[in-house]
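Chemist: The following block contains the structure, expressed as structure tokens.
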């Protein structure tokens, strides 16, 4: 899959959550944490969110720290709530995202968040929202979901 | 042939996302 298109299209998808945060940069993990909270508020709770630092500015260490918590939370959600393990999937390099806003790695992390959205209790709402998006974006989203489905093992 | 290709593409997307809606998952089942 074209990983640069992946990041671009999934960034568009993430914006459909209409989350009002001061900094819309995806690489600090703040917006992602809000998206995850919207997807699964019981799991990505207020307590979990309180561990995400919001005032990271350009401090890459804090960004990476946030992104590590995001990735860990996502993998725990897959295992504990969805009963799935993601095997043989090239896990996102959160250092590369935090340090240099690596588009390909960002795409992989957003892909995992997409997997949470289309498998969660409210998945109907999220899938229908995707179906209302531009066709080129839908294709990328479909490919991203298909790739994840191949990597899921119960 | 453009409209036919578009319709086919839309069909693929609709089929995929509809099957996803009906897929049982750990959370939704």
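Chemist: Quick test of your reading of the structure: residue A:105 fulfils all but one of (1) within 10 Å of another protein chain (Cβ to nearest Cβ); (2) over 19 Å from residue A:81 (Cβ atoms). Name the failing condition by number.
Modeler: All conditions pass for residue A:105, except number (1).
Chemist: Shifting gears a bit: Residues that are under 12 Å from the mean Cα position of the chain (by Cα): which helices (runs of 4 or more DSSP H) entirely in segment A:67-149 hold 3 or more of them? Please lay out each step first, then the result.
Modeler: Details: elements: A:94-100, A:103-117, A:123-131.
Where helices (runs of 4 or more DSSP H) fall fully within segment A:67-149 and carry at least 3 residues being under 12 Å from the mean Cα position of the chain (by Cα), they are A:103-117.
Chemist: Any idea which residue in segment A:73-102 is nearest to residue A:144 (Cα to Cα), counting only those that are more than 14 Å from chain B (Cβ to nearest Cβ) and touching a residue at least 60 places away in the same chain (Cβ under 8 Å)?
Modeler: A:89
Chemist: Taking the stated definitions as given, is residue A:79 farther than 24 Å from residue B:19 by Cα and surrounded by fewer than 18 Cβ atoms within 10 Å (Cβ to Cβ)? Full working, then the answer.
Modeler: Values: farther than 24 Å from residue B:19 by Cα: no; surrounded by fewer than 18 Cβ atoms within 10 Å (Cβ to Cβ): yes.
For residue A:79, the condition - farther than 24 Å from residue B:19 by Cα and surrounded by fewer than 18 Cβ atoms within 10 Å (Cβ to Cβ) - is not met.
Chemist: Here is a further query. Just to verify a result, which residue in segment A:137-154, among those that are surrounded by fewer than 16 Cβ atoms within 10 Å (Cβ to Cβ) and within 10 Å of chain B (Cβ to nearest Cβ), is modelled with the highest pLDDT?
Modeler: A:146
The values are calculated or read from the model by the stated rules, or taken from the named source; none is laboratory data. Remember, it's a predicted structure, so these values are computed and weren't measured experimentally. Here Cβ is always computed from backbone atoms with ideal geometry, including for glycine, and neighbour counts include all displayed protein chains.
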